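J.: Below you'll find the structure I mean.
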2 protein chains.
Amino acid sequence: MSVSVRNVADKAGVSVGTVSNVLNRPEKVAKATVERVTAAIAELGFVRNDAARQLRAGRSRSIGLSVLDIGNPFFTDVARGAEDRARDAGLSVLLANSDEDAAREDEHLDLFAEQRVFGILLTPVGARPERLESLRRQGTPTVLVDRQTDSSDFSSVAVDDVAGGYMAVKHLLDIGRRRIVFVGGPARIRQVADRLEGAQKAVAEVSDATLDVVLEDSLSVLRGRAAGERLCARPASNRPDAVFAANDLLAMGLLQAFAMLGSIRVPDDVALIGYDDIDFTRASVVPLSSVRQPSHEIGHTAVDLLLRENAEGEDFTHEQFVFQPELVVRESTSDGS
Amino acid sequence: MSVSVRNVADKAGVSVGTVSNVLNRPEKVAKATVERVTAAIAELGFVRNDAARQLRAGRSRSIGLSVLDIGNPFFTDVARGAEDRARDAGLSVLLANSDEDAAREDEHLDLFAEQRVFGILLTPVGARPERLESLRRQGTPTVLVDRQTDSSDFSSVAVDDVAGGYMAVKHLLDIGRRRIVFVGGPARIRQVADRLEGAQKAVAEVSDATLDVVLEDSLSVLRGRAAGERLCARPASNRPDAVFAANDLLAMGLLQAFAMLGSIRVPDDVALIGYDDIDFTRASVVPLSSVRQPSHEIGHTAVDLLLRENAEGEDFTHEQFVFQPELVVRESTSDGS
DNA sequence: GGCCACTGCTGAAACGATTCATACCTCCCT
DNA sequence: AGGGAGGTATGAATCGTTTCAGCAGTGGCC
């Protein structure tokens, strides 16, 4: 059926070992032989069988990456960062989308295990300590992405979301807003919980400020729009003067609702700030203030940690990277003065 | 090192063949035996080695999907559609991003070949007949996605982009615009060329209408912004009264530029229409008119074709699916009356 | 009793690349 | 001449799963 090293070897009049050497350490093989083998490979259209290679090697040369939402540009940026770094190291990235669904995440992790991946980058759905424990036992190097951990069993690359939440709401307070609403996703998502915590911290520092919490069941444009419609439906007296959305997708949805229903002007009536600073925010109805995360670098760093863990073996101490977010102020929170 | 069927077999007191049967056709094995083996598997923490499985089977149970731009929500939607369908069939999807770069695409295709993937879904960068030819020779079932083909060697799933381009510009003409600019990406991308062709067809039907073509080197928000800035820099007399952008990312960028520089109002001065109808367009400065493609369904159908080609073997006749796009009118092309 | 059918299980062979101990040359040095 | 070193090439063993021909045991039927 398929052309194998055996066929190449016969054609070139050498042994299979030599073909393998040409493939993997050509410097060990005489020049003339390399040429003969190379010619045979080309002529027969030989393509290495990765399964056989992996079987022998014991592990694959792919990194598994499971993200929460592939429709969120933040995660695709992280994926890009990871892929760039992986390429340099001769590895490839298997991108899997859990869609914030634990069952789906499990499926993907099982698949990664069966594939004996080189390592796993995981943005876990919720805490799921039992899953992490089983990953640890399994021995595949795993880096938690966009999630801090106090466990010394895993490396992690995260952004300080508490600081990000704080900085967003502090900014709203600084421009004089006091009745603030936090629009988030399911509390089981750690990013949401942390950003909320930061928001609460900022509010606590100003005596007459209040924070109202609205939780949607996912962090999508659609859910943001729904939340926005509900806010618009409130009597004007009961409306916030600022909204902090847990990510830009929600913020875009809120903006859509405000713009469509026309009853709330941004930033005059309500100041709005999102999170992630995705590319689209600059083109939204009102350019959106946001909290920027170094997404590309997160992906980079995560792969670096994986590579180091792999190189150093047993005596590798797991590292916890925490990046600082950055406030990006645009029109949606301009103070109008 | 790793636990194998051998170990499980020993533990359960059966042969390796039986363990394999429990894994793959439990109905052929006596109930008590199944239980014993299952228990042994659980106790030892046995995880199937996919490489060995693949080696034996001759091919993997993954579908390779290469997309042009993973940052474009249109493609992630296609990917989602493909993954949903693949899951049902017990397959998984390897998502690869070519970033409109032929070299990268080649790397991914080579990788797919080495992995002996079940099939390939490809949104090719440009025409690249030689690449397609080598895929065909290689024998891996391949479906061209978002690209029509007249070759009977491949199935394809596409949207009629000429019709889409026609319908976008026809709409601009219908609301009374005459000096139209097409902002596209590199002409080697077939989608761009087809949409332009449709646009030209529509313009040709109206005697006093003109079509100006501006080509950027990628279909991104950033490039759209650059194009927008250049349009703003033109003297008012030389400006178009409508712009058709080859995709929504470009359109969003144009909108950003118009809004930031403030010298062009949408739709009053310039009507704007995009392509793809991604989720974000509804939340843009001015809700964006667009041409919708059934992205999810495209992914679905592509996988279906792959499965059928696989099931029917030699006597499978390659099919060319062509979906019709749909015009979505929003504020950015309202005629102001 | 002899034969057949059926169920349940066995274990060797096969998939294809890589590794490694071994062997063969040449050349050079003593 | 003998021995060592260095450069090349060999091919059997190995990785872990699946497949399949075949064996044993049981029960039914004539």
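The values are calculated or read from the model by the stated rules, or taken from the named source; none is laboratory data. For clarity, every value in this text was computed on a predicted model and none was experimentally measured. Using ideal geometry, Cβ is built from the backbone for each residue, glycine included, and neighbour counts are taken over all protein chains shown. In case anyone asks, the SASA skips ligands and DNA or RNA and just uses the protein heavy atoms, side chains included. Shrake-Rupley method; radii C 1.70, N 1.55, O 1.52, S 1.80 Å.
J.: Considering each residue of segment A:1-19, count those that are away from chain B (no Cβ under 12 Å) and either more than 7 Å from DNA strand C (Cβ to nearest atom) or among the aliphatic types (A, V, I, L, M) (or both), and give that number.
T.: 13
J.: So, one more: Can you tell me which of A:V22, A:V78, A:V34 is of a type in the set (V, I, T), open to solvent by less than 10 Å² (accessible area, probe 1.4 Å) and either within 16 Å of DNA strand C (Cβ to nearest atom) or in contact (Cβ under 8 Å) with a residue 60 or more places away in the chain (or both)? Spell out the reasoning first.
T.: On the way: A:V22 fails: open to solvent by less than 10 Å² (accessible area, probe 1.4 Å); A:V34 fails: open to solvent by less than 10 Å² (accessible area, probe 1.4 Å).
Every option except A:V78 fails the conditions.
A quick yes/no check of all residues on (1) touching a strand residue (DSSP E or B) at 6+ places or on another chain (Cβ under 7 Å); (2) away from every other protein chain (no Cβ under 14 Å); (3) of a type in the set (S, T, N, Q):
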| site | (1), (2), (3) |
| --- | --- |
| A:V125 | no, yes, no |
| A:T140 | yes, no, yes |
| A:Q148 | yes, yes, yes |
| A:S156 | yes, yes, yes |
| A:D161 | no, yes, no |
| A:L173 | no, yes, no |
| A:G176 | no, yes, no |
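J.: Also, I was wondering about something else. Of everything in segment A:273-304, what is hydroxyl-bearing (S, T, Y) and either under 18 Å from A:A158 (Cα atoms) or assigned to a loop (DSSP other than H, G, I, E, B) (or both)? Give them in sequence order.
T.: The first filter runs over segment A:273-304 and keeps only residues hydroxyl-bearing (S, T, Y), leaving A:275, A:281, A:284, A:289-290, A:295, A:301.
Passing the criteria: A:Y275, A:S290, A:S295, A:T301.
J.: Got a sec? Which of A:A187, A:A113 is of a type outside the set (D, E, K, R), in the same structural domain as A:F75 (by TED's automatic domain parsing) and surrounded by fewer than 23 Cβ atoms within 10 Å (Cβ to Cβ)? Give the derivation first.
T.: Details: A:A187 fails: in the same structural domain as A:F75 (by TED's automatic domain parsing).
Step by step, each of A:A187, A:A113 is checked, and only A:A113 is of a type outside the set (D, E, K, R), in the same structural domain as A:F75 (by TED's automatic domain parsing) and surrounded by fewer than 23 Cβ atoms within 10 Å (Cβ to Cβ).
J.: Among the residues of segment B:35-57, write down those that are within 7 Å of chain A (Cβ to nearest Cβ) and either under 17 Å from B:V3 (Cα atoms) or out of contact with any Leu (no Cβ under 7 Å at 6 or more places or on another chain) (or both). Give the steps one after another, and end with the answer.
T.: Pass one, segment B:35-57, residues within 7 Å of chain A (Cβ to nearest Cβ): B:47-52, B:54-55.
Answer for segment B:35-57, where residues must be within 7 Å of chain A (Cβ to nearest Cβ) and either under 17 Å from B:V3 (Cα atoms) or out of contact with any Leu (no Cβ under 7 Å at 6 or more places or on another chain) (or both): B:V47, B:R48, B:N49, B:D50, B:A51, B:A52, B:Q54.
J.: Between residues in segment A:283-298 that are more than 14 Å from chain B (Cβ to nearest Cβ) and closer than 25 Å to B:R282 by Cα and residues that are of a type in the set (A, V, I, L, M) and buried (at least 23 other Cβ atoms within 10 Å of the Cβ), which pairs lie under 7 Å by C-beta distance while being six or more apart or on different chains?
T.: A:S289/A:I273; A:V291/A:A168; A:Q293/A:V159
J.: Residues in segment B:119-139: is at least one charged (D, E, K, R), under 20 Å from B:R104 (Cβ atoms), modelled with pLDDT of 85 or more and assigned by TED's automatic domain parsing to the domain that holds B:L95? Lay out the reasoning, then the answer.
T.: First, pick out the residues of segment B:119-139 that are charged (D, E, K, R): B:128, B:130-131, B:133, B:136-137.
Keeping just the survivors that are under 20 Å from B:R104 (Cβ atoms) gives B:128, B:130-131, B:133.
Now restrict to residues that are modelled with pLDDT of 85 or more: none.
Scanning segment B:119-139, I find no residue that is charged (D, E, K, R), under 20 Å from B:R104 (Cβ atoms), modelled with pLDDT of 85 or more and assigned by TED's automatic domain parsing to the domain that holds B:L95, so the answer is no.
J.: Hey, another quick one. Does segment A:225-264 hold any residues that are more than 14 Å from chain B (Cβ to nearest Cβ), within 25 Å of A:P325 (Cβ to Cβ) and part of a loop (DSSP other than H, G, I, E, B), and which are they?
T.: Result: A:P240, A:D241, A:A246.
J.: Return a yes/no flag: does segment A:86-99 have any residue that is more than 23 Å from B:E107 (Cα to Cα) and either within 16 Å of DNA strand D (Cβ to nearest atom) or under 18 Å from the mean Cα position of the chain (by Cα) (or both). First the steps, then the outcome.
T.: So in segment A:86-99, the residues more than 23 Å from B:E107 (Cα to Cα) come out as A:98-99.
So of that shortlist, the ones also either within 16 Å of DNA strand D (Cβ to nearest atom) or under 18 Å from the mean Cα position of the chain (by Cα) (or both) come out as A:98-99.
Yes: one or more hits.
J.: Sticking with this structure for a sec: Residue pairs, Cβ under 6 Å, 6 or more apart or interchain, first in segment B:226-251 and more than 16 Å from B:L288 (Cβ to Cβ), second surrounded by fewer than 24 Cβ atoms within 10 Å (Cβ to Cβ) and of a type in the set (K, R). List them.
T.: Listed by first residue and then by second, the contacts come to B:P240/B:R179; B:D241/B:R177; B:D241/B:R179.
J.: Pairs only if they're at least six apart or on different chains, beta carbon under 6 angstrom, first in segment A:153-168 and open to solvent by 30 Å² or more (accessible area, probe 1.4 Å), second assigned to a strand (DSSP E or B); list them, first residue then second.
T.: Once the first residue is open to solvent by 30 Å² or more (accessible area, probe 1.4 Å) and sits in segment A:153-168, its partners that are assigned to a strand (DSSP E or B) give A:D160/A:V322; A:M167/A:L327.
J.: Among (1) surrounded by 22 or more Cβ atoms within 10 Å (Cβ to Cβ); (2) within 16 Å of DNA strand C (Cβ to nearest atom); (3) of a type outside the set (D, E); (4) in contact (Cβ under 8 Å) with a residue 24 or more places away in the chain, there is one condition A:F46 misses while meeting the rest; what is its number?
T.: Going through the list (1) surrounded by 22 or more Cβ atoms within 10 Å (Cβ to Cβ); (2) within 16 Å of DNA strand C (Cβ to nearest atom); (3) of a type outside the set (D, E); (4) in contact (Cβ under 8 Å) with a residue 24 or more places away in the chain, A:F46 breaks only (1).
J.: Let me ask another. If I ask for residues that are among the aliphatic types (A, V, I, L, M) and more than 7 Å from chain A (Cβ to nearest Cβ), which ones from segment B:58-78 would you list? Working first, answer last.
T.: Looking only at segment B:58-78, we keep the residues that are among the aliphatic types (A, V, I, L, M), and these are B:63, B:65, B:67-68, B:70, B:78.
Hits for segment B:58-78 are B:I63, B:L65, B:V67, B:L68, B:V78.
J.: In addition: If A:F323 satisfies all but one of (1) modelled with pLDDT under 95; (2) away from chain B (no Cβ under 14 Å); (3) closer than 19 Å to A:G198 by Cβ, what's the number of the condition it fails?
T.: Going through (1) modelled with pLDDT under 95; (2) away from chain B (no Cβ under 14 Å); (3) closer than 19 Å to A:G198 by Cβ one by one, A:F323 breaks only (1).
J.: Then there's this: Please indicate, with yes or no, whether at least one residue in segment B:65-74 is in contact with a His (Cβ under 9 Å, 6 or more places away or on another chain) and more than 8 Å from DNA strand D (Cβ to nearest atom).
T.: Start the filter on segment B:65-74 by keeping residues that are in contact with a His (Cβ under 9 Å, 6 or more places away or on another chain), which leaves B:66.
Filter once more, keeping what is more than 8 Å from DNA strand D (Cβ to nearest atom): B:66.
For segment B:65-74, residues in contact with a His (Cβ under 9 Å, 6 or more places away or on another chain) and more than 8 Å from DNA strand D (Cβ to nearest atom): present.
J.: For segment A:57-150, please list each of the helices (runs of 4 or more DSSP H) lying entirely inside it that holds at least 1 residues being in contact with an Asp or Glu (Cβ under 9 Å, 6 or more places away or on another chain) and basic (K, R).
T.: Numbers: elements: A:73-88, A:102-115, A:129-138.
Result: A:73-88, A:129-138.
J.: Could you list all residues from segment A:129-176 that are under 30 Å from B:S4 (Cα atoms) and among the aromatic types (F, W, Y)?
T.: Residue satisfying the conditions is A:F154 alone.
J.: Of the numbered conditions (1) free of Cβ contacts under 8 Å to residues at least 60 places away in the same chain; (2) of a type outside the set (S, T, Y); (3) within 16 Å of B:A302 (Cβ to Cβ); (4) open to solvent by 40 Å² or more (accessible area, probe 1.4 Å), B:A96 satisfies every one except a single condition; which is it?
T.: Result: B:A96 passes all but (4).
J.: Same structure, new question: Check B:L222, B:L327, B:L307 and return the single one that is in contact (Cβ under 8 Å) with a residue 40 or more places away in the chain, part of a helix (DSSP H, G or I) and not aromatic (F, W, Y).
T.: Values: B:L222 fails: in contact (Cβ under 8 Å) with a residue 40 or more places away in the chain; B:L327 fails: part of a helix (DSSP H, G or I).
Of the residues listed, the single one that is in contact (Cβ under 8 Å) with a residue 40 or more places away in the chain, part of a helix (DSSP H, G or I) and not aromatic (F, W, Y) is B:L307.
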